[in-house]
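Chemist: Can you keep this structure in mind? I'll have questions shortly.
The values are calculated or read from the model by the stated rules, or taken from the named source; none is laboratory data. On a predicted model such as this, the values are computed, not experimentally measured, just so you know. Here the Cβ positions follow ideal geometry from the backbone for every residue, glycine too, while neighbour counts run over all protein chains shown. We work out accessible area using only protein heavy atoms, side chains counted, and drop any ligands, DNA or RNA first. Shrake-Rupley method; radii C 1.70, N 1.55, O 1.52, S 1.80 Å.
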Amino acid sequence: MNHRSRVVFLLLSFAVVLPLIAGGFVAASEEAKADAGRDSLYKYLTVFTEVFGLARRAYVDEPPSTQLMDGALAGAAEALDPFSFYLPADAVAPYLALHEDANRSVRRSGLRVLKDRGVAYAFAVLPDGPADDAGLMRGDVLAMIDGRSTRDMALWEIESTLAGAVDETVEIERIRLGEQRSVTITFRDTPLPGVTLEARDGLPVLRFDGFHAGTVDNVATSLRTLDAGTLPEIDPAL
């Protein structure tokens, strides 16, 4: 075999072997990634198991496993976003019965509450509602409700407390700019605000408090008025 033939042979061999080597590296890389994913899952499960066991052993009287698991799931749900919460199995039926109207707590108290990193705060205060009459403002931290720390209350418990009967009262300790004050809310039925479309600085601004019965139709009606060049307020159909 002359020199030229050897060069051609080497080039052809390289062209055949290179894809095989590259494929092997890709397969190894994908397998390594899969192993890393499995390892990370096992790592988190291991950490959870260790913390779970440590929490059980740290108590003088060992608590039921279901109680610790409920606490873990509640913390995980709360960490997702301010709107998420975990509802224990034994609380599902009472909660659903109390909240056949999904916005009952908002209607009765005029207050929409959220929790973020364990802190409960006023996300919205309805104008001329019970919470507004009591002096609450959006952004107020709600430290205690009826003598209970809101840090120890799940969001569903807070909503249930604020969904009391008409003329019942609830005492809330709010914190605003470092000042703590106790206020009393007297429950009554408060109409939820409707959909409004108004002009601000030459731009149309659509506002609505939340999703209620009729909200979608009202939003659609409001948007259609843009074609007519008018920006009326749309009455709520609740």
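Chemist: Just give me the residues in the range 136-148 being over 20 Å from the mean Cα position of the chain (by Cα) and part of a strand (DSSP E or B), in sequence order.
Modeler: Hits for the range 136-148 are Met144, Ile145, Arg148.
Chemist: Of all residues being at pLDDT 90 or above and under 25 Å from the mean Cα position of the chain (by Cα) in the range 171-209, which is surrounded by the most Cβ atoms within 10 Å (Cβ to Cβ)? Just the residue, please.
Modeler: Among those residues, the one meeting the criterion is Ile172.
Chemist: Could you list, ordered by first residue, the pairs with Cβ atoms under 6 Å in which the first is in the range 155-175 and more than 23 Å from Ala79 (Cα to Cα) and of a type in the set (Ser, Thr, Tyr) and the second is open to solvent by 40 Å² or more (accessible area, probe 1.4 Å) and part of a strand (DSSP E or B), at least 6 apart or interchain?
Modeler: Listed pairs, sorted by first residue: Thr169/Thr184; Thr169/Thr186.
Chemist: I've got another one for you. Out of all the residues in the range 78-123, which are β-branched (Val, Ile, Thr) and open to solvent by less than 20 Å² (accessible area, probe 1.4 Å)?
Modeler: Across the range 78-123, the qualifying residues are Val106, Val113.
Chemist: Still on this structure, I have one more. Confirm whether Asp90 is part of a loop (DSSP other than H, G, I, E, B) and farther than 19 Å from Leu192 by Cβ. Outline the logic, then answer.
Modeler: Details: part of a loop (DSSP other than H, G, I, E, B): no; farther than 19 Å from Leu192 by Cβ: yes.
Against the criterion (part of a loop (DSSP other than H, G, I, E, B) and farther than 19 Å from Leu192 by Cβ), Asp90 does not qualify.
Chemist: Just for the range 44-77: of the residues that are open to solvent by less than 50 Å² (accessible area, probe 1.4 Å) and among the hydrophobic types (A, V, I, L, M, F, W, C), which one is nearest to the chain's Cα centre (by Cα)?
Modeler: Step by step, filter the range 44-77, then rank; the result is Ala77.
Chemist: When the range 140-153 is examined, which residues are found to be farther than 12 Å from Leu114 by Cβ and either touching a Cys at 6+ places or on another chain (Cβ under 6 Å) or hydrophobic (A, V, I, L, M, F, W, C) (or both)?
Modeler: Answer for the range 140-153, where residues must be farther than 12 Å from Leu114 by Cβ and either touching a Cys at 6+ places or on another chain (Cβ under 6 Å) or hydrophobic (A, V, I, L, M, F, W, C) (or both): Ala143, Met144, Ile145, Met153.
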